[in-house]
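This report refers to the structure that appears directly beneath it.
The values are calculated or read from the model by the stated rules, or taken from the named source; none is laboratory data. Just so it is clear, the model here is predicted, and its values are computed rather than measured. Positions of Cβ are generated from backbone atoms using ideal geometry, with glycine treated the same way; all protein chains shown enter the neighbour counts.
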Amino acid sequence: MSFRLPFLDRARGLIMIFMALDHALFFWSVGRINNEGLPRLVNGIVSYNPIVSSNNLALIVMLSANICAPGFLFIAGYVLAGSIKKRQANGQSSSNIDRLLWRRALTLIAFQLFIVSPAFYLPTIVQAQTLTIVTLGTFLSLSVLSTIAFGFLIFTLGRHISPWTLAGISGFFYLFSQLSLPFFTTIFPENQTLLQVFETIFILPIPFSAERFVNNNFPLIPWFLPMSLGWLYGTTYAKQRGVAYEAKRFAMTGICSLTLFLILRLLKTGDYLPSNGTFHGFMGLSKYPPSLDYMLLNLGLLFIMFFLLDKLPKFSKIGRILENFGQTPLLFYNAHLWLYAAIPALLQNFNAYSLTQGFGIWLIGLFILYPLCCFYLAKQSSARILKRKVGFTQGAKPVCIKKTWLAPEDTVFARVSLAERRHCSSHVLTFLQPWRRRPP
């Protein structure tokens with residue numbers, strides 16, 4: 001059961017393209033900006049990792065990649081809210097919905113542990129040329145997928161309260177985590193392993209170390225905020241008002257969010273990395289942890305993106321490409337990591353190219369990933385059609401279903417709907433077209 005708004009799929013597709021660029025450069029190129037704002041403890045003093053690069057191309061990559069994590073989480077919360085509303089309207093029980101959330105959460109955690117985490121650690125293994133450095137911390141290196149999974153588990157309880165209340169609680173804990181960050185950074189080395197695991201999962205982003213039991217750049221408390229906001233918008237979406245109204249609602253919120261960001265940034269507050277008077281310094285925001293300025297800027301840009309993508313013609317080629325990517329997020333996320341990681345691993349040549357060359361490698365990867373996503377969507381459509389299968393016995397007369405004559409001697413399927421057909425390129429869905437013939 002799906003919950004689809006075209007501009008959401010398009011926005012998620014564009015976010016995934018930005019994410020692929022960031023990860024392609026992570027594996028292939030040198031000069032990429034990373035660990036923006038990551039807290040450090042030196043001689044008992046807490047500081048935050050500054051952005052020292054003055055490369056304009058690196059800044060553009062960083063700004064485009066910064067929208068990915070909050071965008072993914074917001075859309076996940078929004079789509080989940082709509083999906084649960086439809087399931088409840090169709091009479092599904094609360095226990096069935098809870099089981100669905102648990103099943104999805106455990107699936108995402110499995111992908112995180114056994115596919116995503118090893119991919120990010122692959123450069124370290126190849127450079128060391130030994131598997132002895134692989135530890136439990138290699139697999140327990142959490143990121144966006146695990147944060148979404150933990151969010152699903154929270155919604156098993158959170159969906160029973162007002163979405164406004166849930167968003168308010170999430171906002172309170174977000175502010176608490178940000179204000180208390182220096183304290184948790186200071187006490188982290190002194191804590192026992194169990195307390196360090198708790199801090200890492202819920203509050204404190206830390207640099208990767210194979211010696212740690214758990215690594216995490218996306219702690220749950222600060223990063224659950226965009227997911228809870230997505231849930232709020234998804235539950236308050238009114239279908240009778242139409243998609244255009246929803247896009248305008250996002251546009252207004254986006255303008256307000258960007259205005260508040262500019263005010264706070266000009267006042268030099270709301271971020272761990274102060275502005276130094278340059279454009280690089282003004283736009284260089286803390287992502288680990290996500291500061292208030294970071295959230296306001298990137299959620300504001302996301303909401304404006306929703307509005308602009310809603311203005312694309314319904315059957316535009318660009319819109320179709322973005323939708324094809326956006327409707328296969330889990331496949332794309334796992335496949336693109338190993339596509340960009342495996343080749344330099346085989347060549348034993350990580351981070352050997354410039355940023356400009358990395359752009360070319362990124363584009364080649366997208367050309368490989370797009371047919372894969374289309375094929376996956378086609379298989380999904382085929383599975384849906386199989387559920388509507390109509391069987392006929394030998395010798396039966398031709399049967400007309402929805403003004404389409406179907407051959408009696410074959411097992412045939414109901415027609416592919418226009419909405420299903422436009423999701424993929426026509427050559428991919430050719431095998432799904434029904435065999436039609438006029439009656440004898």
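With a requirement of 3 or more residues that are of a type in the set (A, V, I, L, M, F, W, C), the helices (runs of 4 or more DSSP H) lying completely within the stretch 116-217 that satisfy it span 117-128, 144-158, 163-179, 181-187, 193-202.
It is to be established whether one or more residues within the stretch 299-309 are modelled with pLDDT under 90 and of a type in the set (G, A, S). No, there is no match, as no residue in the stretch 299-309 is modelled with pLDDT under 90 and of a type in the set (G, A, S).
Once the stretch 54-102 is narrowed to residues that are out of contact with any helix residue (DSSP H, G or I) (no Cβ under 9 Å at 6 or more places or on another chain) and assigned to a helix (DSSP H, G or I), the residue that is farthest from R159 (Cα to Cα) is I60. Figure legend. Inter-residue proximity from the stretch 150-179: first residues on the phi < 0 side of the Ramachandran plot and buried (at least 18 other Cβ atoms within 10 Å of the Cβ), second residues in a loop (DSSP other than H, G, I, E, B) and among the basic types (K, R), beta-carbon distance below 9 Å, spacing 6+ or different chains. Indicated pairs: L166/R159. If the condition is being modelled with pLDDT under 95, in a helix (DSSP H, G or I) and among the hydrophobic types (A, V, I, L, M, F, W, C), then the stretch 234-256 contributes V243, A244, A247.
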